[in-house]
Each structure stands twice: as C-alpha cells, then as structure tokens.
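**Q** Dropping a structure here in structure tokens format, bear with me for questions.
Every read-out reported here was derived from the displayed coordinates using simple, explicitly stated rules and does not represent laboratory data. For clarity, every value in this text was computed on a predicted model and none was experimentally measured. In this analysis, Cβ positions are derived from the backbone assuming ideal geometry, glycine residues included, and neighbour counts consider all displayed protein chains.
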Number of protein chains: 2
Amino acid sequence: MRQSPYLPNRPLKVAVLGSSGAVGSELLKILEQRDFPISELVLLSSERSEGKKIIWKDEELVTKKTTKEEFKNLDLVLASAGGSISKKWLSTIIDQNALLIDNSSAFRLDKNVPLIVPEVNGSEVLNHDGVIANPNCTTILLTLVLAPLNKLSTIQRVIVSTYQSVSGAGQLAMEELKLLTEQYLQGNPQKSEVLPYSLAFNLFLHNSPMLSNNYCEEEMKMVNETRKILNIADLKLSATCVRVPVLRAHSESINIEFADEVEPKDALEELKKSPGIEVIEDYKNNRFPMPNDVMGRDNVAVGRLRTDISQSHGLELWLCGDQIRKGAALNAVQIAELLIPKK
Amino acid sequence: MRQSPYLPNRPLKVAVLGSSGAVGSELLKILEQRDFPISELVLLSSERSEGKKIIWKDEELVTKKTTKEEFKNLDLVLASAGGSISKKWLSTIIDQNALLIDNSSAFRLDKNVPLIVPEVNGSEVLNHDGVIANPNCTTILLTLVLAPLNKLSTIQRVIVSTYQSVSGAGQLAMEELKLLTEQYLQGNPQKSEVLPYSLAFNLFLHNSPMLSNNYCEEEMKMVNETRKILNIADLKLSATCVRVPVLRAHSESINIEFADEVEPKDALEELKKSPGIEVIEDYKNNRFPMPNDVMGRDNVAVGRLRTDISQSHGLELWLCGDQIRKGAALNAVQIAELLIPKK
C-alpha cells in the first residue's frame, strides 16, 4: 500500500514506457515544455526500438529495452505501449511504490482505478492505489465539453459521430497515410499495411474489434468511459467512430439532449470560462473549429452551438482536438501534475 | 400548358446545360452508358467554357455559349449550371414545350415542382408543368435509404452527420484538393482559392450560407427536401454537414428513431430488396461501406445497421454514395427515363 497518493516532493525519476511511439514522443515534448520536475528520465521501449537516440532538453538519451531492472527507484511511469505491456509491468511498478499513469484501456473501467480528465474529475485523482488511467482520446475531448454543459442541465442523451485522425492508429499509420496519398497522386496503386484499407482520399468506420451489440470497441469506450468520468451511470450515449484522412486532430459532431432547455448563448458562456477549451465560433464568417486549428495545441476547440431543431431541450455542437496532445500525452502529464505536492 | 407530362416517343433533342462541370461531364457519360434515346445532343456552357471539344459516342461535340437560339426544338434540358442560370432560361424552355430537369436548388421546394428520387417517389414525376427538380446530393442518398425503412415503421426523428466529398464543390475543388495535398506533402504552404480553407489532411463544416436558425443551407436542404420527398411534413431531422478530404463519394452517419421497434435484420432485408441499394455489411471482418467502394458506381452502399443503444425504437446505420453519380447526374437521367413512354 502506498503511504501517500501524492508523488514525492522532489525532482522525480520518470520513465516513459513506449517512448518511440507517437504518444511517447509527444510525452517527452510535453514534459520538457511544461518543465515537469525530473531528476532522471528513462526511455523504455520494445526490444525492436531499443537503442534509439532521442534529444531531450539538449541531452542525448537512448531508449532501453524494458526489463525489471529499469524500474528501480522510479517514481512515475507514463505508459503508452498498449494494455498487455502495462499489465505485465504493473506489479513491478507498484512494488517500487511508483505510480503508473496508463494510456491503454487495460485499467480504465476497473472501479478501483481513477479514470481522469483533470478539468472534469481531477478531484478523484487521489483515489488511486498505484495506477491511474488516461481515457481514450475521443472520450477526453468529449467529456471536456460535456462536463461544463452538464452543470447547466443534466445531460440525458448524447449522439456522436467522430472524424478521427490517423494518429490514433500510431506513428506508422500517419506515415502510411502520407505514403498512400503520394501513391494515389502519382497514379500508382495503393497498398496499405498498417491501416486495414487505404485512407488516401478515403475513410472507413473504426476498425477496432466488433462487440456483441454491433458497436465496436472504440465506440463502447466512449460510452463506458464517458459514463465513468461524468459519473452518470445511466447516461444514454451512442457513438459512430470513423477514421478520416486527417493526420493528428480528431473532430466530433455532437447532439445532446438535456433535462431542461439550454440556450446556446448560456452554453457558450459556460464553455468560454472552462479550462482547456477554446471557442471558435463566427457564424457571420462561417468559421468554426477545424483539425488544422488545433494541431499541436493544448486546447480543444468548440463551436457551432445551436438549438437542435429536431427535439426539445437539445443542442448540437462540434469540436476538434489534437489527438496526441490533449487526447493522450498532455492529459497524462496533467494527471501527474495534479499529484505534485503544492509548495 | 404541356399536352402530356411524357417526353415525345422518339429519339430526343437533348441539351446539357453546364456541360463542362463535374456533374455535366457525368451526365454525358451516363446518357451514353444508358443508351438514352437521343437524336441530337447540344452542349451548353457559359461564355468562359465555350468552344470546349468533348467526345461523345465517338463524335466530337463542341460546347456552345447558352443563347435563346440554342433552345430551339429541344425536348429535354438537363441543367447543372446553378440556380440563377436555370431560372434565367426556364421560360424559354417551357415556351419550347421542353422539359427542364434541374439540378440546382432553385425550384426544389416549389410546391408545383416535383422533387424526385425515382426509387422513392417516382410516381409523382408526372405532376410537373415543365420542370422537375433533382434533390441535393446528400438528400438523394439519405432518402433512398430512409424510404424503405419507413415502410417498416414510421420514422419519427433522424440525426445525421455527413462526410461530404469535395466533388460537391465542383470540378475545380476536386483539382484543388489534389494540388493542396501535393503541396502539403512537398512541405510547401497551401493556399486554397476554390475552397474556403485547405482540405489537405483537414476538414471543415460545410461552408454554405448560414441561416437564421444557425443551420447552414446545405443542412436545411437535407431537412426540407427529405420531408418533401418522403412526404412527412413534420419529420424531425437535424443534420451536421462536413466537408472531408475525399474526392467524389459522400458518407453519412445516420441515427433513426421509429414509431415502433425495428429489428436490424428486418431493416437489412428491406434494404437488400430495395432498388439502387447495395448492402455492405460484414461484422466478422469489420467490413462496411467506404467511399472507395462506390466511386463511379450507381448503387448507394449501406451497412453497419445496429440497434441504437441510446433509445428505444432506434437504429443506427452508415451509407456511402457517389456524389456525382446517384447524388446528381444519374438521378437526373433516371427522372428523364421515367418520362419516356413505354413501348
């Protein structure tokens, strides 16, 4: 058992597990940008990616193969290497009295593991016992916007269709999208290897495994994780997740039913004062959030709030957020920051 | 007043108005492929596109500037040159006792003008007085799928998010998407001229003019045209229209509420036997419609039918259809075919 839910009050020995992936690289960037208190940074990777040199804070670091030895004296592990890797090393991490902030879905629905979006349910972060889960990218973006609106009137039902960038499928998928598109433009045949189908000027329904209710895993992550984060166990939510030929920012088209009427202007005011959110809404000039607006940025952009003409008490809106940043790496570092004792 | 709603029972003198655009070119292709009975084909265009040589049925035709003279003795005008052009020439066409099948939105909501999707409300085609309207692309695809389902149980409410290809913005926009993408891949800045913003690995909410209810014209076309075609005046429908970096096929994510419960398998059976529809649905292999499946093809592809987990009596589904073909040119030619007297 940990003595305190907080991280030690000194520069920390931190490991990034999965350091050579898209989210891992972004984690390193964010730790540097936010001047996270680090005494030593250990880059862990698979055997395949071992020995990769990475410049961090003007220092050359080398990725190491993940072994039990490497976890010694660690304070914090930021993991983005998939669920099986996180599960494999969890007991080693906990034995070290270190904290795991895990980007996989392995522990998200475990009722003993907090699932945190700092701006939404940051107050629950202390309820951990060595592991805190980082939600799925689409869920982070969605809950960040739903939570402030839920203060105005209880949300009854949400219908969402996503426009998910290829970064969610990893660094290799991003490179493949560029390659396939180049092949298309040169009039050559496209053969996808990372993606299930070519995304060059094409799109497809999210290819995560299908569940027995005919929703895919990605869609049910949105349902179950949103319920847990917003603490509305019976929230009605259905999602259609779609992969589009965009590089690293997700968009979501969201239809909300509230218990009472919510005026778009009140919703807008609430969103404007909410942390992590930026409103981009100019009806006169037809200017609303686009993936290009948020690429590489921390804030989630929201706009196009309007009274739903198809129901009472309904609002429709649109958001874009950087999948790698707020949708993954930034949120994980923000969780860690909540656990740094305040001076 | 026309003596008969039918076209004359002989090869026809046909004009294509807007013959050099994306839909115009496809109209020519379809007239040839379907062996439409033509005695003479006149290609009309703006002054700017005058004199363009086009091969049609191994014959070289030359586009002519649109003047009153050119409408002489015409039987049929297929127009795809925008609403103001169609309005300008309507009286000339009617004076000739010719029929205008118009692809613009100019006459669609006129209660004296039939708005036709042949598979859905083809029986209303005879109620014209010289002009028949071709619906908006997204509406054609949507109603083609909603109409068979409405037979199973009355549709109460529809929420749709679109993934619209750039072809809807015209031939130049298609070329611009390729150019902008090439510039992106070469690391050069992208400057859009036809599109309001770069679509290279980006997307944006449909940029048609905003209306007073904060829905854009494109979205309200879907609402109003769907109500007229399905003949459900009070159908609750809300749409979010989005332009995505896809070349010529639209996709739609559709959430439907019925009066009674509709089983996905019954819906699937109904769709399978409906003309103009192809079901692509393989849950085991995670294979559903994609834009690439329908590009250049007549059928609209539907799949991913599932019971909506967020409501009773709900179904969710997904469709893809070629915007230029069934979404525009094919539907217009099919309307004309309904008016050819059967031998």
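**Q** Let me have the 222 nm mean residue ellipticity of chain A computed from DSSP H runs of 4+ only, each contributing -39500 (n - 2.57), with the sum over all residues rounded to the nearest 500.
**A** The helix-only estimate for chain A comes to -8500 deg cm²/dmol at 222 nm.
**Q** I would also like to ask the following. Averaged over its residues, how many other protein chain Cβ atoms are within 10 Å of peptide A:193-206's Cβ atoms?
**A** Average neighbour count from other chains, rounded to a whole number: 6.
**Q** Along Cα→Cβ at 7 Å, what distances in nm separate the residue A:282 label point from those on the other copies, shortest first?
**A** For residue A:282, the other copies' label points sit at 4.7 nm, shortest first.
**Q** While we're here: Between chain A and chain B, with a rotation axis joining them, whose C-beta in A is nearest that axis, and what is the whole-Å distance?
**A** With distances in whole Å, chain A gives A:161, 2.
**Q** With 10 angstrom as the radius, rank A:28, B:177 by how many other C-beta atoms surround their C-beta, starting from the fewest.
**A** Numbers: A:28 21, B:177 26.
Lowest to highest Cβ neighbour count: A:28, B:177.
**Q** Looking only at A:292, A:121, A:188, which one moves most when chain A is put into a Gaussian network model with springs between Cα atoms under 10 Å?
**A** A:188
**Q** Next question, about the same structure. Read phi for every residue in region A:124-129 and hand back ³J(HN,Hα) as whole Hz from Karplus 6.51 cos²θ - 1.76 cosθ + 1.60, θ = phi - 60°, with x for Gly and Pro.
**A** Ordered by residue, 3J(HN,Hα) equals 8, 5, 6, 7, 9, 10 Hz.
**Q** Between residue B:32 and residue B:53, take the C-beta separation as r, use R0 = 25 Å, and let me know the FRET efficiency to the nearest 0.05.
**A** FRET efficiency, residue B:32 to residue B:53: 0.95.
**Q** Fewest Cβ neighbours within 10 Å first, please rank A:325, B:287 accordingly.
**A** Arranged by neighbour count, lowest to highest, A:325, B:287 become B:287, A:325.
**Q** So the label point sits 7 Å from Cα along the Cα-to-Cβ vector; using that for residue B:59, what distances do you get to the other copies, in nanometres, sorted shortest first?
**A** Ordered by increasing distance: 8.0 nm.
**Q** Based on the alpha-carbon gyration tensor of chain A and its eigenvalue square roots a ≥ b ≥ c, which shape applies: rounded if a/c is under 1.5, prolate if not and a/b is larger than b/c, or oblate?
**A** On the way: a/c = 1.77, a/b = 1.25, b/c = 1.42.
Since a/c reaches 1.5 but b/c is at least a/b, the shape of chain A is classed as oblate.
**Q** Shifting gears a bit: To the nearest Å, what is the center-to-center distance of region B:167-200 and region A:265-296, using C-alpha atoms only?
**A** Taking the Cα centre of region A:265-296 as reference, the centre of region B:167-200 is 24 Å away.
**Q** Turning to a different aspect of this structure: Assign one of three labels to the protein assembly as shown, namely rounded, prolate or oblate, based on the Cα gyration tensor with a ≥ b ≥ c the square roots of its eigenvalues; rounded applies when a/c is under 1.5, prolate when it is not and a/b is larger than b/c, and oblate otherwise.
**A** Prolate, because a/c is 1.5 or more and a/b exceeds b/c.
**Q** Run through the other copies and list how far each one's label point is from that of residue B:211, in nm with one decimal, shortest first; the point sits 7 Å from Cα along Cα-Cβ.
**A** Residue B:211 label point versus its equivalents elsewhere: 3.7 nm.
**Q** With r as the distance between the Cβ atoms of residue A:123 and residue A:263 and R0 = 25 Å, compute the FRET efficiency 1/(1 + (r/R0)^6) and round to 0.05.
**A** Between residue A:263 and residue A:123 the formula returns 0.35.
**Q** Moving to a separate point now. Taking each residue in A:171-181, count the Cβ atoms of any other chain within 10 Å of its Cβ, then average. What number comes out?
**A** For this peptide, the per-residue mean of nearby foreign Cβ atoms is 1.
**Q** Right, here's the next one. Tell me, what is the FRET efficiency for residue A:67 and residue B:188 to the nearest 0.05, using R0 = 45 angstrom and their Cβ-Cβ distance as r?
**A** 0.50
**Q** If you count the DSSP beta bridges with both ends in region A:7-71, what percent of them are antiparallel, to the nearest 5?
**A** Numbers: 4 of 12 bridges.
So the antiparallel bridges in region A:7-71 amount to around 35 percent.
**Q** Shifting gears a bit: If you take each beta carbon of peptide B:240-246 and count the beta carbons of other chains within 10 angstrom, what is the mean?
**A** Per residue, the number of nearby Cβ atoms from other chains is 6 on average.
**Q** A follow-up question, please. Classify region A:71-186: rounded, prolate or oblate, from the alpha-carbon gyration tensor (a ≥ b ≥ c, eigenvalue square roots; a/c under 1.5 rounded; otherwise prolate if a/b is larger than b/c)?
**A** It is oblate, given that a/c is not under 1.5 and a/b is not larger than b/c.
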